[in-house]
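Notes to accompany the following structure.
The values are calculated or read from the model by the stated rules, or taken from the named source; none is laboratory data. Values in this document were obtained by computation on a predicted structure and should not be read as measured data. FYI the Cβ positions are ideal-geometry reconstructions off the backbone, even for glycines, and counts take in every protein chain you see.
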Amino acid sequence: MTQQWRVLVTWRRPEQADDIDRLSALTQALPGFGIVHDDGDAARLEAAMTVQAPTIRQAAEAGLREARAAHAAAFGTAGEPLRLRVLTLEEHDAEVARPSQMELMGLREAAAELGISPQRVDQLARENPEFPAPVARLAAGAVFTAASIRAVKERGWRRTPGRPRKTA
């Protein structure tokens with residue numbers, strides 16, 4: 001028995017994402033009710049689509065296949081997904097309907113957690129693709145989920161003071 005699944009795929013934002021026609025082409029190439037979210041500040045591009053499949057694994061495979069084809073049609077390459085999320089349509093609708101409670105951290109809290117300056121946190125968020133993307137950027141600066149900052153710390157974050165040595 002097949003059911004409907006909501007598949008969300010996230011890529012690094014390609015440079016061509018500034019072209020509204022390419023984003024439109026990506027949206028139109030997605031199956032079902034396709035949506036594209038361009039988070040330029042976080043350098044991420046997310047596509048959400050609905051697929052039919054009997055199992056979550058088949059839904060994931062179908063979603064990836066469709067997402068790569070849509071990305072290739074819009075940008076010329078399939079792109080390498082950073083994240084894949086698959087939910088039943090019912091679970092997705094329930095998730096959207098309820099407000100989420102997130103523990104958030106601003107630049108100062110993230111800096112205190114990692115033992116670095118708020119300026120360094122902001123720099124890492126802007127320049128290091130392995131650093132968590134902020135969930136929002138406010139006038140006061142970037143806002144992160146506490147879980148994402150703690151995950152960085154748990155992965156073995158090591159603060160090395162000073163500038164890197166020059167190599168000859």
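A few remarks follow.
- Residue match in the range 54-75 (condition: basic (Lys, Arg) and buried (at least 18 other Cβ atoms within 10 Å of the Cβ)): no
- Looking only at residues in the range 5-40 that are hydroxyl-bearing (Ser, Thr, Tyr) and surrounded by 15 or more Cβ atoms within 10 Å (Cβ to Cβ), the one that is nearest to residue 74 (Cα to Cα) is 27.
- Residue 167 meets all of the listed conditions (1) over 18 Å from the mean Cα position of the chain (by Cα); (2) hydroxyl-bearing (Ser, Thr, Tyr); (3) crowded, with 16+ Cβ neighbours inside 10 Å but one, namely (3).
- Applying the criterion of at least 1 residues that are among the hydroxyl-bearing types (Ser, Thr, Tyr) and without any contact (Cβ under 8 Å) to a residue 40 or more places away in the chain to the helices (runs of 4 or more DSSP H) found wholly in the range 73-167 leaves 146-154.
- Candidates 57, 12, 68, 22 - the one that is basic (Lys, Arg) and under 15 Å from the mean Cα position of the chain (by Cα): 12
- Unique residue being of a type outside the set (Gly, Ala, Ser) and not assigned by TED's automatic domain parsing to the domain that holds residue 35 when the list is 126, 65: 126
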